[in-house]
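A.B. asks: Take this structure, written in structure tokens, and hold onto it; I'll ask about it next.
Read the figures in this text as sums done on the coordinates, not as results from a lab. No experiment lies behind these values; they were computed from the predicted model shown. So basically every Cβ, Gly included, is an ideal-geometry build from the backbone, and we count neighbours across all protein chains shown.
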Amino acid sequence: MLLSIKEVANRLKISVSMTYSLVARGELPSYQIGSCRRVSEDDLMQFLEERRHEPVRLPDRRTKHF
């Protein structure tokens, strides 16, 4: 399914201008269809997956270093 830039912005909870900026920098692939710019859901999911951060593991609080 293809999403409009506004739909992508809403899903990412960012501004429409920031979404256009991601597209312009080539970070978020898009398609030009007539006068409309669209982003595929698959490309959006890949964009998010590439930016996933694994949680930082904190040291065990029971271990004390002297």
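A.B. asks: Once you put a point 7 Å from the Cα of Asp60 and another 7 Å from the Cα of Leu48, both along the Cβ direction, what distance in nm separates them?
C.D. replies: Reported label-point gap for Asp60 and Leu48 is 3.5 nm.
A.B. asks: Using only the alpha-carbon atoms, how far is helix 41-50 inclined from the longest principal axis of the chain? Give it as 0 to 90 degrees, nearest 10.
C.D. replies: On a 0 to 90 degree scale, this one is about 30.
A.B. asks: What is the fewest-to-most order of Ser15, Ser35, Ser4 by other Cβ atoms lying within 10 Å of their Cβ?
C.D. replies: On the way: Ser15 10, Ser35 5, Ser4 14.
Taking fewest neighbouring Cβ atoms as first place, the list is Ser35, Ser15, Ser4.
A.B. asks: Helix-only mean residue ellipticity at 222 nm, the chain, DSSP H runs n ≥ 4 weighted -39,500 (n - 2.57), per residue, nearest 500. What is it? Don't jump to the answer; show the numbers that get you there.
C.D. replies: Details: 3 runs with 27 residues, N = 66.
Helix contribution divided over all residues of the chain: -11500 deg cm²/dmol.
A.B. asks: Continuing with this model, one more query. Using DSSP to call loops (not H, G, I, E or B), can you name the trypsin sites (Lys or Arg not before Pro) in the stretch 1-61 whose Cβ has at most 13 other Cβ atoms within 10 angstrom?
C.D. replies: Numbers: sites: Lys6, Arg11, Lys13, Arg25, Arg37, Arg38, Arg51, Arg52, Arg57, Arg61; in loops: Lys13, Arg25, Arg51, Arg52, Arg57, Arg61.
Sparse-neighbourhood loop trypsin sites (Lys or Arg not before Pro): Lys13, Arg25, Arg51, Arg52, Arg57, Arg61.
A.B. asks: Which GluC sites (Glu not before Pro) in the chain pass both tests, a DSSP loop state and at most 15 other beta-carbon atoms within 10 Å?
C.D. replies: Glu27
A.B. asks: Shifting gears a bit: If each of Met18 and Cys36 carries a label point 7 Å out from its Cα toward its Cβ, how far apart are those two points in nm?
C.D. replies: The answer from the label model is 2.5 nm.
A.B. asks: In addition: So how do Ile33, Ile14, Ile5 line up by other beta-carbon neighbours within 10 Å, fewest first?
C.D. replies: Values: Ile33 9, Ile14 13, Ile5 19.
Ordered by Cβ neighbours within 10 Å, fewest first: Ile33, Ile14, Ile5.
A.B. asks: Also, I was wondering about something else. From the Cα trace of the chain, what convex hull volume per residue do you get, rounded to a whole Å³? Mind dumping the intermediate values first?
C.D. replies: Working: hull volume 8.5 nm³, N = 66.
Normalising the Cα hull of the chain by residue number yields 129 Å³.
A.B. asks: Also: Could you please rank Leu48, Leu12, placing first whichever residue has the fewest other Cβ atoms within 10 Å of its Cβ? Numbers along the way, then the final one.
C.D. replies: On the way: Leu48 12, Leu12 15.
Least crowded to most crowded, the residues run Leu48, Leu12.
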